[in-house]
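Asks: The structure's right below; bear with me while I get my questions together.
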Amino acid sequence: MEKKEDRRVAMTKRMLKDALTEMLRSTDIYHVSIRELCQRADVNRTTFYKYYGSPFDLLGDMEKEFLDFLSNAIKEHAANPVLIIETVCEYLENHLEFGRLIINNNVDPLFPQKLFSLAAVREAALAKYAEKQGESALEYRFNYIAYGAYRVICVWLNKEERESPEQISKQLIRFIQIE
């Protein structure tokens with residue numbers, strides 16, 4: 001059984017993640033100093049190094065948190081693609097600054113590859129089509145669905161007056177014709 005993280009540890013990590021997100025609005029990851037990050041988070045450098053080796057490790061933890069959330073949403077709502085997309089859009093809406101940074105490739109240009117290499121994402125995107133098409137056609141369809149949906153979500157996240165997660169989810173489903 002997986003050990004639950006202490007609330008103080010979780011709070012410290014959350015403060016570091018919030019501070020990094022704030023810094024990434026104006027500074028690229030290569031210029032984030034641990035000293036300034038710790039000052040913004042009101043955390044001792046020793047504490048930072050207890051959990052992370054660098055700002056890149058912290059960013060990786062943030063990305064992993066999102067990818068784990070996505071995988072769990074896919075598993076939980078496997079029979080309902082609308083609910084999967086809606087759940088993910090709600091997460092991004094609730095973590096707007098981080099969502100914008102990561103989806104816009106401002107922070108990690110390899111993030112889309114990490115996202116699309118998840119087996120759960122591929123299976124969810126192709127669930128309806130697996131029996132009807134050959135392997136080559138499935139590869140094209142996956143890229144069309146995945147990258148198209150990714151780009152729509154990017155545009156949606158960057159709008160100041162966004163549609164609700166429910167509305168954008170339904171729009172995406174219509175675009176990729178799952179229903």
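The values are calculated or read from the model by the stated rules, or taken from the named source; none is laboratory data. This structure is a prediction, so every number in the text was calculated from the model and none was measured. So basically every Cβ, Gly included, is an ideal-geometry build from the backbone, and we count neighbours across all protein chains shown.
Asks: Can you find a residue in the range 10-23 that is surrounded by fewer than 12 Cβ atoms within 10 Å (Cβ to Cβ) and touching a Cys at 6+ places or on another chain (Cβ under 8 Å)?
Replies: No, there is no match, as no residue in the range 10-23 is surrounded by fewer than 12 Cβ atoms within 10 Å (Cβ to Cβ) and touching a Cys at 6+ places or on another chain (Cβ under 8 Å).
Asks: Where in the range 32-106 are there helices (runs of 4 or more DSSP H), lying wholly inside it, with at least 1 residues that are touching a Cys at 6+ places or on another chain (Cβ under 9 Å)? Quick ask: steps written out before the conclusion?
Replies: On the way: elements: 34-41, 45-51, 55-76, 81-94, 96-103.
The qualifying helices (runs of 4 or more DSSP H) are 45-51, 96-103.
Asks: Keeping to the range 108-137, report how many residues are modelled with pLDDT under 85 and either assigned by TED's automatic domain parsing to the domain that holds Ile29 or surrounded by 12 or more Cβ atoms within 10 Å (Cβ to Cβ) (or both). Please lay out each step first, then the result.
Replies: The initial filter retains those residues of the range 108-137 that are modelled with pLDDT under 85, namely 122-137.
Those still in the list that are either assigned by TED's automatic domain parsing to the domain that holds Ile29 or surrounded by 12 or more Cβ atoms within 10 Å (Cβ to Cβ) (or both) too: 122-129, 133.
Of the residues in the range 108-137, 9 are modelled with pLDDT under 85 and either assigned by TED's automatic domain parsing to the domain that holds Ile29 or surrounded by 12 or more Cβ atoms within 10 Å (Cβ to Cβ) (or both).
Asks: For Glu5, are the conditions met, namely being of a type in the set (D, E, K, R) and surrounded by 12 or more Cβ atoms within 10 Å (Cβ to Cβ)?
Replies: Numbers: of a type in the set (D, E, K, R): yes; surrounded by 12 or more Cβ atoms within 10 Å (Cβ to Cβ): no.
Here the answer is no, as Glu5 does not meet what is asked.
Asks: While we're here: Does Val152 satisfy the criteria of being among the hydrophobic types (A, V, I, L, M, F, W, C), in contact with a Leu (Cβ under 7 Å, 6 or more places away or on another chain), over 21 Å from Glu76 (Cβ atoms) and outside any helix (DSSP H, G or I)? Before the answer, list the steps.
Replies: Details: among the hydrophobic types (A, V, I, L, M, F, W, C): yes; in contact with a Leu (Cβ under 7 Å, 6 or more places away or on another chain): yes; over 21 Å from Glu76 (Cβ atoms): yes; outside any helix (DSSP H, G or I): no.
Against the criterion (among the hydrophobic types (A, V, I, L, M, F, W, C), in contact with a Leu (Cβ under 7 Å, 6 or more places away or on another chain), over 21 Å from Glu76 (Cβ atoms) and outside any helix (DSSP H, G or I)), Val152 does not qualify.
Asks: Here is a further query. When both residues are 6+ apart or on different chains and their Cβ atoms are under 8 Å apart, which pairs have a first residue that lies in the range 137-163 and is more than 17 Å from Ile173 (Cβ to Cβ), and a second that is surrounded by fewer than 13 Cβ atoms within 10 Å (Cβ to Cβ) and polar (S, T, N, Q)?
Replies: Final answer for the pair search is Cys154/Asn104; Leu157/Asn104; Asn158/Asn104.
Asks: When you go through Lys50, Lys4 one by one, which is the residue that is at pLDDT 95 or above and among the basic types (Lys, Arg)?
Replies: Numbers: Lys4 fails: at pLDDT 95 or above.
After applying the criteria, what remains is Lys50.
Asks: I need the full set of residues from the range 105-163 which are of a type in the set (A, V, I, L, M) and more than 22 Å from Phe66 (Cβ to Cβ), in order please. Step through it out loud before you land on a result.
Replies: Step one: of the range 105-163, the residues of a type in the set (A, V, I, L, M) are 107, 110, 115, 118-121, 124-127, 130, 137-138, 145-146, 149, 152-153, 155, 157.
Ala130, Ala137, Leu138 - these are the residues of the range 105-163 that are of a type in the set (A, V, I, L, M) and more than 22 Å from Phe66 (Cβ to Cβ).
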